Each structure stands twice: as C-alpha cells, then as structure tokens.
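The values are calculated or read from the model by the stated rules, or taken from the named source; none is laboratory data. Bear in mind that the values here come from a model prediction, so they are computed numbers and not experimental data. Note that we place each Cβ from the backbone using ideal geometry, even for glycine, and neighbour counts take in every protein chain shown. Accessible surface areas use protein heavy atoms only, side chains included; no ligands, DNA or RNA. Shrake-Rupley method; radii C 1.70, N 1.55, O 1.52, S 1.80 Å.
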Amino acid sequence: MKVLVTGGLGFIGSHTVVELQNKGLEVIIIDDLSNSSEKVLDGIFAITGKKPIFEKLDLKEKSEVEDFFKKHTDISGVIHFAASKAVGESVENPLLYYENNIGTLVYILKELSKKDKASFIFSSSCTVYGQADKMPITEDAPVKTAESPYGNTKQIGEEIISDTCKVTPSLNAIALRYFNPMGAHPSTEIGELPIGVPQNLVPYITQTGIGMREQLSVFGGDYPTEDGTCIRDYIHVVDLAKAHVIALQRLLEGKNDDNYEVFNLGTGTGSSVLEAIKSFEKVSEKKLNYKIVDRRAGDITAAYASTDKANNILGWKAASTLDEAMKSAWDWEVKIRK
Ligand code: UD1
C-alpha cells in the first residue's frame, strides 16, 4: 500500500511518516523544502530503519503534479500537509496563500478524481471555528468568518473537498481539524524547526528557555479566564500523527460512513498560557523569563476540542499529557542547540 505524504518533511508530516512506516505502509514524500530540510529523512531513518522515497516537487507546478501521478500510478492514499501556515504572512501576502494552499489542493484532487478509488486526508485547523460559542468545540459548531487568509484557505479547502466528494464517489476524504500541535518525537530525531522568530507559543517558550530569546511575551493577562490568559488545547504531535494513520486506514479499508468526514484532533483539555509556562518550568527545571503584555490582535479567548467523535468513530484518543508533550519539546530544543 503506497501512501503519498505531501509536506512530509515538515513538523506534523515527518511524525506522520514515522507512524505510517511503523505500520508497514510504504511512503513517498513530496516536499518543496521551502520550510523543511532533507536532513529530516535521516531522522525518519534513525527511528524507523527505513528511508521513504523522496521527491522534491513544487505542487504549484500543475504539469509536475500531473507527471508525478502518471509516474506513480500505485498511490492509494494521500495525506496532504504541504501548505503555508503563518497567519501574519497570509495577511501581508494573501495571493501566496491562496496559490500555495488552494491551487495545489485543486491539482491533487483533480489527479485523485481520475482514479478508480482514492483516499485523501486533509490538514485542517480548529481555526475554522473562530471563537466558538460553546466549549468543548464539537465538529458541528458553526464555521465562523475567517480571521485571516490562512484561516480562509482551511475553510475553502474543506469546502472544495466536500464539493468534490459529492460528485466523485470514488474519492473518500477526511479533514482533520488540529487544535494546537506541539512537542517532538521522544527519540529527539525529529521535531519542530521554526524558521526565524517563532510565532507559536511552545517553540517560543523552549527557545527562551535555552537562551535564544530573552523573554517570552504573554499576549494578554485580562482575558475572561481563570488566570487571565488564553486557553488552548495543546496536543502532542505523535498523538496527532497516529490519528492520521488511523484516519487513512479507515478510508483504505472502506470503513467510513460517508465519503467526506471531519474530525477534531485535540486532547479535550484546555490549558492557559500560564499553565503551559508552569509545565515548561516543571519539566525543564528552569525558570522562564516572561512578561504579560498587550493582547495579540486576532487571538481568541479559548479553544479546546470535544474529542467524542474521534474517540467513538476513529477509536483514537490522545495519550500524552501537557507535561509529556512539553518534555519532548524541551528535549528536542536541547538536542538541536547542542
Ligand atoms: C495559531 C494561529 C492559528 C493556527 C495555529 C497553528 C494565530 C492568531 N493563530 O493559533 O490560526 O492554526 O497557530 O498552530 O496566529 N502566545 C503568547 N506568546 C507568544 C506566542 C503565543 O502568549 O509568543 C499565546 C497566544 O496568545 C495564544 C497561545 O499562546 O493564546 C497559543 O498561541 P499560538 O501558538 O500562536 O497558537 P494559536 O494562536 O492558538
């Protein structure tokens, strides 16, 4: 069974490749290396003892995508991670995001629609819910107007897949809405490699802890939460990766109820920014230099997942605690800065 993983050298992609290979699936990675490195292949090899096939390919080049699928006719499933993900950059350069995240999705779906049977897993995000009215957030919560072109690409992406599935019975797809992925493989062979100044909380915490950044700014201490800081659902990337394998197997084995399904991937537990800092201080045995500053524009107060649908239908549940995920993020930071 051959599986194509686009963006397979990225953060979530690389962890998913490991889990696919651990289950005996044959993997082909395509990645344009715009936000990743070929060295990640060595990390995957160190963990699994297998090097996946890798092709450097720019999915924005339609003819290259067509040629790729002509060459690899035996691909039965695709997990599509390749996309741009910086919210601020998407506001500055929306067309880049629509081209990278939407154009490429259309090319891949066109190729998959030609097949007698195809399975497709899409990287979506809890960003589609915006500030949901009720916690925990269930999959049937309304999709709110996107706060950024990045968020919009996830909403439009889901709609494109849903519309395509309606008229393409041979195509089976699942959109996975991630909450806040964090951490690294416990082997410390692969992990997150943010380029430049991290925008996300956990890499900013670990880089401050290691001394690369002087101080963490906590964006807002006056939210209507218990300690005044925002609440998120931080999920260990290995748990997230395992969910992708289960979702893909559901489709490959024809166990899906519908040919387009949506699942939340979170732990079901909300943690505040200050709780994340406390967790870091516990697992690293270091004091973190942080300061509460003004709110960041566009941040929502709270988001955590209802995990019932994924638990009941996929039979998947996140296994790691925040401390375990934070420990893996810290071990990885320590290793790569040595
Ligand atoms: C962000 C994106 C979201 C994307 C997700 C992917 C924004 C507004 N949202 O979500 O669209 O799907 O990443 O992982 O960028 N924080 C600090 N100091 C920091 C960094 C973050 O206090 O230096 C706080 C934030 O205010 C937030 C929490 O930490 O409360 C998590 O932030 P972040 O990691 O950026 O994730 P999200 O904002 O949830």
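Kindly check whether there is at least one residue in the range 257-274 that is open to solvent by less than 10 Å² (accessible area, probe 1.4 Å), within 23 Å of Thr16 (Cβ to Cβ) and in contact with a Pro (Cβ under 6 Å, 6 or more places away or on another chain).
no
Among the residues of the range 71-87, those that are within 16 Å of the ligand (Cβ to nearest atom) and in a loop (DSSP other than H, G, I, E, B) comprise Phe81, Ala82, Ala83, Ser84, Lys85, Ala86. Out of the residues in the range 1-26 that are within 18 Å of the chain's Cα centre (by Cα) and part of a strand (DSSP E or B), state the one that is nearest to Tyr97 (Cα to Cα). Checked the range 1-26; the qualifying residue nearest to Tyr97 (Cα to Cα) is Thr6.
Yes or no: Ser272 within 16 Å of the ligand (Cβ to nearest atom), touching a Leu at 6+ places or on another chain (Cβ under 9 Å) and either in contact (Cβ under 8 Å) with a residue 60 or more places away in the chain or farther than 19 Å from Lys317 by Cβ (or both)?
Considered against the rule, which asks whether it is within 16 Å of the ligand (Cβ to nearest atom), touching a Leu at 6+ places or on another chain (Cβ under 9 Å) and either in contact (Cβ under 8 Å) with a residue 60 or more places away in the chain or farther than 19 Å from Lys317 by Cβ (or both), Ser272 comes out as no.
Looking only at the range 168-227, residues that are of a type in the set (A, V, I, L, M, F, W, C), more than 10 Å from the ligand (Cβ to nearest atom) and either farther than 21 Å from Ser123 by Cα or not in a loop (DSSP other than H, G, I, E, B) (or both) come to 7 in all. For the range 302-321, enumerate the residues that are in contact with a strand residue (DSSP E or B) (Cβ under 7 Å, 6 or more places away or on another chain) and either within 15 Å of the ligand (Cβ to nearest atom) or among the β-branched types (Val, Ile, Thr) (or both). Within the range 302-321, Ala302, Ala303, Tyr304, Ala305, Thr307 qualify.
Reported count of residues in the range 239-262, each being away from the ligand (no atom under 16 Å from the Cβ) and among the hydrophobic types (A, V, I, L, M, F, W, C), is 6.
Being within 30 Å of Ile246 (Cβ to Cβ) and within 16 Å of the ligand (Cβ to nearest atom) is the filter here; which residues of the range 282-301 pass it? Please lay out each step first, then the result.
To start, the set of residues in the range 282-301 that are within 30 Å of Ile246 (Cβ to Cβ) comprises 283, 300.
Once the filter is applied, which keeps residues that are within 30 Å of Ile246 (Cβ to Cβ) and within 16 Å of the ligand (Cβ to nearest atom), the range 282-301 yields only Ile300.
Would the range 138-145 turn up any residue that is among the aliphatic types (A, V, I, L, M), without any contact (Cβ under 8 Å) to a residue 40 or more places away in the chain and under 17 Å from Leu176 (Cα atoms)?
Going through the range 138-145, the residues among the aliphatic types (A, V, I, L, M) turn out to be 141, 143.
From what is left, the residues that are without any contact (Cβ under 8 Å) to a residue 40 or more places away in the chain are 141, 143.
Imposing the further condition that a residue be under 17 Å from Leu176 (Cα atoms) reduces the set to 141, 143.
Yes: one or more hits.
One line per residue, one yes/no per condition, for (1) open to solvent by less than 60 Å² (accessible area, probe 1.4 Å); (2) touching a Leu at 6+ places or on another chain (Cβ under 9 Å); (3) basic (Lys, Arg):
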residue	(1), (2), (3)
Ala276	yes, yes, no
Glu281	yes, yes, no
Asp299	yes, no, no
Ala303	yes, no, no
Trp316	yes, yes, no
Ala319	no, no, no
Trp330	yes, no, no
Lys338	no, no, yes
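Cβ-Cβ distances below 8 Å connect the following pairs, each with a first residue in the range 220-247 that is modelled with pLDDT of 95 or more, a second residue that is of a type in the set (Lys, Arg) and within 12 Å of the ligand (Cβ to nearest atom), and a separation of six or more residues or different chains: Gly220/Arg295; Gly220/Arg296; Asp222/Arg295; Tyr223/Arg295.
Any residue at all in the range 74-87 that is loosely packed, with under 14 Cβ neighbours inside 10 Å and out of contact with any strand residue (DSSP E or B) (no Cβ under 6 Å at 6 or more places or on another chain)?
If we filter the range 74-87 for residues that are loosely packed, with under 14 Cβ neighbours inside 10 Å, which is where we start, we get 74.
When the remaining residues are screened for being out of contact with any strand residue (DSSP E or B) (no Cβ under 6 Å at 6 or more places or on another chain), the result is none.
No, every residue in the range 74-87 fails to be loosely packed, with under 14 Cβ neighbours inside 10 Å and out of contact with any strand residue (DSSP E or B) (no Cβ under 6 Å at 6 or more places or on another chain).
Of all residues in the range 147-170, those satisfying the criterion of being free of Cβ contacts under 8 Å to residues at least 40 places away in the same chain and more than 18 Å from the chain's Cα centre (by Cα) are Glu159, Asp163, Val167.
One line per residue, one yes/no per condition, for (1) within 16 Å of the ligand (Cβ to nearest atom); (2) touching a helix residue (DSSP H, G or I) at 6+ places or on another chain (Cβ under 7 Å); (3) under 30 Å from Pro198 (Cα atoms):
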site: Lys60; (1), (2), (3): no, yes, yes
site: Phe68; (1), (2), (3): no, no, no
site: Glu111; (1), (2), (3): no, yes, no
site: Cys126; (1), (2), (3): yes, no, yes
site: Glu139; (1), (2), (3): no, yes, yes
